[in-house]
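Peer 1: Got a structure here, written out as structure tokens. Questions coming.
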């Protein structure tokens with residue numbers, strides 16, 4: 001596995017400044033993402049979130065009625081905040097683990113109904129991203145659902161304008177402070193369809209950042 005120590009340190013700094021408090025509603029602040037979470041949680045009892053950060057998406061799932069939740073993140077400070085949020089809000093049915101791709105190896109087959117991969121797959125090196133997809137396929141039950149969200153695709157003009165470092169031009173790997181596997185939506189679709197069927201694809205706009213994220217809703221119907 002690639003070295004993500006610098007990335008972990010970045011997120012430790014970010015999450016170390018996070019204030020904890022009550023989580024009272026299912027709303028995540030974006031209509032499209034709310035609808036995606038509604039879809040993910042419908043008839044789902046157990047959800048795994050790889051790259052969970054401080055666990056907010058899992059807590060929003062819990063408020064939608066899911067019962068069993070597993071969060072994994074490379075940031076140990078993020079995991080500590082998640083555990084504190086769980087305690088403050090008296091949420092039950094949660095397990096949080098600090099770690100990377102290797103933590104997925106420890107989870108048994110066919111043990112979860114749904115998975116969240118939000119702005120994480122394209123922040124991994126290709127070999128690790130493929131490993132995560134294969135592991136999520138193994139971990140999910142047949143018919144399991146995946147909410148997968150990607151960062152914006154950066155054109156060559158934007159890469160030059162923003163002076164983003166190119167790590168490997170053949171693999172479309174960039175370093176903008178975080179690692180970015182910079183593929184088009186169609187390139188991602190081609191990869192994802194090796195593991196899952198695509199239920200829906202949508203570009204969702206974040207006005208506060210003036211950018212789009214790319215949202216795939218996937219089904220694990222190819223056991």
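The values are calculated or read from the model by the stated rules, or taken from the named source; none is laboratory data. Being a predicted model, the structure only gives us computed values, none of them experimental. Don't worry about glycine lacking a Cβ; one is built from the backbone with ideal geometry, like all the others, and counts go over all protein chains shown.
Peer 1: If residue 152 passes every condition in (1) without any contact (Cβ under 8 Å) to a residue 40 or more places away in the chain; (2) buried (at least 16 other Cβ atoms within 10 Å of the Cβ); (3) assigned to a loop (DSSP other than H, G, I, E, B) but one, which one does it miss?
Peer 2: (1)
Peer 1: If I filter segment 45-52 for residues that are more than 22 Å from residue 135 (Cα to Cα), crowded, with 16+ Cβ neighbours inside 10 Å and within 18 Å of the chain's Cα centre (by Cα), do I get at least one hit?
Peer 2: Keep residues of segment 45-52 that are more than 22 Å from residue 135 (Cα to Cα), which gives none.
Looking through segment 45-52, none of the residues is more than 22 Å from residue 135 (Cα to Cα), crowded, with 16+ Cβ neighbours inside 10 Å and within 18 Å of the chain's Cα centre (by Cα).
Peer 1: Would you mind finding the one in 24, 70 that is out of contact with any helix residue (DSSP H, G or I) (no Cβ under 7 Å at 6 or more places or on another chain) and either exposed (fewer than 15 other Cβ atoms within 10 Å of the Cβ) or without any contact (Cβ under 8 Å) to a residue 12 or more places away in the chain (or both)?
Peer 2: 24 is the lone residue from the list that is out of contact with any helix residue (DSSP H, G or I) (no Cβ under 7 Å at 6 or more places or on another chain) and either exposed (fewer than 15 other Cβ atoms within 10 Å of the Cβ) or without any contact (Cβ under 8 Å) to a residue 12 or more places away in the chain (or both).
Peer 1: Within segment 195-223, which residues are in a loop (DSSP other than H, G, I, E, B) and either under 16 Å from the mean Cα position of the chain (by Cα) or in contact (Cβ under 8 Å) with a residue 24 or more places away in the chain (or both)?
Peer 2: Hits for segment 195-223 are 195, 196, 221, 222, 223.
Peer 1: Only one of these conditions is not met by residue 172: (1) out of contact with any helix residue (DSSP H, G or I) (no Cβ under 6 Å at 6 or more places or on another chain); (2) surrounded by 15 or more Cβ atoms within 10 Å (Cβ to Cβ); (3) at pLDDT 95 or above. Which number is it?
Peer 2: So residue 172 meets the others, but not (3).
Peer 1: For segment 179-194, name all the residues that are surrounded by fewer than 16 Cβ atoms within 10 Å (Cβ to Cβ) and assigned to a loop (DSSP other than H, G, I, E, B).
Peer 2: Selection gives 184, 193, 194.
Peer 1: Would you point out which residue out of 70, 131, 137, 149 is at pLDDT 95 or above and more than 24 Å from residue 214 (Cβ to Cβ)? Working first, answer last.
Peer 2: Details: 131 fails: more than 24 Å from residue 214 (Cβ to Cβ); 137 fails: more than 24 Å from residue 214 (Cβ to Cβ); 149 fails: more than 24 Å from residue 214 (Cβ to Cβ).
Only one candidate passes the filter, namely 70.
Peer 1: Only one residue in 127, 157, 135, 102 is more than 12 Å from the chain's Cα centre (by Cα), in a helix (DSSP H, G or I) and under 25 Å from residue 84 (Cα atoms), so which one is that?
Peer 2: Values: 127 fails: under 25 Å from residue 84 (Cα atoms); 157 fails: under 25 Å from residue 84 (Cα atoms); 135 fails: under 25 Å from residue 84 (Cα atoms).
Just a single option satisfies the conditions, and that option is 102.
Peer 1: As an exercise: evaluate residue 35 against (1) more than 27 Å from residue 179 (Cα to Cα); (2) touching a residue at least 24 places away in the same chain (Cβ under 8 Å); (3) out of contact with any helix residue (DSSP H, G or I) (no Cβ under 7 Å at 6 or more places or on another chain) and give the number of the one condition it does not meet.
Peer 2: The single condition residue 35 does not satisfy is (2).
Peer 1: Output the helices (runs of 4 or more DSSP H) that fall wholly within segment 4-93 and possess 3 or more residues being more than 26 Å from residue 204 (Cβ to Cβ), or say none.
Peer 2: By residue number, 5-15, 76-89.
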